[in-house]
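The next block holds one structure in the form of structure tokens; read it before the comments.
The values are calculated or read from the model by the stated rules, or taken from the named source; none is laboratory data. Note that the structure is predicted; figures quoted are calculated from it, not measured. Glycine also receives a Cβ, built like all others from the backbone with ideal geometry; neighbour counts cover every protein chain displayed.
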Amino acid sequence: ATPTALLVGTGRGAQLGVLIKGPEALESTRRVDTVVLDKTGTVTTGRMTLLDVTPAAGEQRAEVLRLAAALESGSEHPVARAVVTGAAEVGDLPPVTGFANVEGLGVTGTVDGRQVLLGRPRLLRERDLVVPDDLARAATDAEAAGRTAVLVGWDGRARGMLAVADQVKPTSREAVRRLRALGLTPVLLTGDNTTVARSVAAEVGIDEVIAEVLPAEKVDVVARLQAEGRAVAMVGDGVNDAAALAQADLGLAMGTGTDVAIEASDLTLVRDDLLAAVDAIRLARSTLGTIK
Ligand code: ADP
Ligand code: MG
């Protein structure tokens, strides 16, 4: 059967905008004490905006933006969308060959005959590009302001810093408060940098933050929490959340998220809103008493 065919909306669930895959999916809900929340697209809108482009000394801002946007045209990542949208002013973008996604770190490809690398500062350093002090400082300052900073570079050097920002969904703070009221401990999980993660966590009232986690490691984080004896619900939306959603005792996917995330989950939240996750957990708890 297709995953969609497996979706069973109970009457009350359908009303609340929660699709349940099957009653056995709810079995573990009674024990859940921890709710792991993905940051981008779950706690935040995931619709990022390009706020700032800082060229390194001797570089042209327009050229930095042109090469960055050309490369990001091949990516679906929220950072990529922000860069491409923010580069409308530079006009037509050159084609990219040999495009590759470096999971959780950035992207690479050839533009105008140059091998361009864009992503977390860690990615450029790992590939032996020199990161000049002015750019490193610009990135740290942007992160201190709660922004996500990525670097773009070619020919052995980082050439520019791009700062993007996301927004917390208006209901996320109230949702976290209600999760706590249900006796659940919220944990923020993200591949983004620790400073940004802490600022989002503070904004919504979360104390426990696990940041700079590569997509393949998210599942290990959930497993580690389980090994500590915690029963974990996970809420996520991305391809990079799928394995963790499947590993969790209860997986909840944002309906606006990717198909892979939805397929890996027990519950799908039709509303693009974290309050739906609270309703779903409440519903799952109360449904347990009535089924079978
Ligand atoms: P999250 O857990 O918040 O969904 P990801 O694991 O998708 O984050 O990405 C982690 C970080 O890797 C991003 O914050 C960004 O710095 C970098 N990154 C990943 N993909 C891209 C991309 N296409 N362009 C720029 N940066 C990227
Ligand atoms: Mg996400």
I'd like to know if region 276-284 contains one or more residues that are buried (at least 19 other Cβ atoms within 10 Å of the Cβ) and either of a type in the set (Asp, Glu) or out of contact with any Leu (no Cβ under 9 Å at 6 or more places or on another chain) (or both). yes
Screening Thr44, Thr54, Thr85, Thr10 for residues that are modelled with pLDDT of 95 or more, surrounded by fewer than 22 Cβ atoms within 10 Å (Cβ to Cβ), touching a helix residue (DSSP H, G or I) at 6+ places or on another chain (Cβ under 7 Å) and among the polar types (S, T, N, Q) leaves only Thr54
Of everything in region 170-206 that's free of Cβ contacts under 8 Å to residues at least 24 places away in the same chain and under 22 Å from Thr140 (Cα atoms), which residue is surrounded by the fewest Cβ atoms within 10 Å (Cβ to Cβ)? Ala202
Is there any pair linking a residue in region 221-234 that is in a helix (DSSP H, G or I) to one that is of a type in the set (Gly, Ala, Ser) and surrounded by 17 or more Cβ atoms within 10 Å (Cβ to Cβ), with Cβ under 8 Å and at least six apart or on different chains, and which? Val221/Ala244; Val222/Ala244; Val222/Ala248
Selection over region 241-263 where residues are within 15 Å of ligand 1 (Cβ to nearest atom), surrounded by fewer than 24 Cβ atoms within 10 Å (Cβ to Cβ) and in a helix (DSSP H, G or I) yields a count of 2
Looking at Val187, Val164, which is the one that is over 30 Å from Gly113 (Cβ atoms), of a type outside the set (Asp, Glu) and within 21 Å of the chain's Cα centre (by Cα)? Val187
Restricting to region 45-84, give me the number of residues that are free of Cβ contacts under 8 Å to residues at least 40 places away in the same chain and within 13 Å of ligand 1 (Cβ to nearest atom). 9
Does region 25-42 hold any residues that are near ligand 2 (Cβ under 9 Å from one of its atoms) and in contact with a Pro (Cβ under 9 Å, 6 or more places away or on another chain), and which are they? Thr40, Gly41
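Return the only residue of Gly191, Gly183 being part of a loop (DSSP other than H, G, I, E, B) and more than 16 Å from ligand 1 (Cβ to nearest atom). Lay out the reasoning, then the answer.
Details: Gly191 fails: more than 16 Å from ligand 1 (Cβ to nearest atom).
Answer to the selection: Gly183.
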Note on Ile206: of the conditions (1) among the hydrophobic types (A, V, I, L, M, F, W, C); (2) part of a helix (DSSP H, G or I); (3) closer than 19 Å to Thr171 by Cβ; (4) out of contact with any Lys or Arg (no Cβ under 7 Å at 6 or more places or on another chain), unmet is (2)
Return the residue satisfying two criteria in turn: it lies in region 135-169 and is without any contact (Cβ under 8 Å) to a residue 60 or more places away in the chain and part of a strand (DSSP E or B), and of such residues it is surrounded by the fewest Cβ atoms within 10 Å (Cβ to Cβ). Ala149
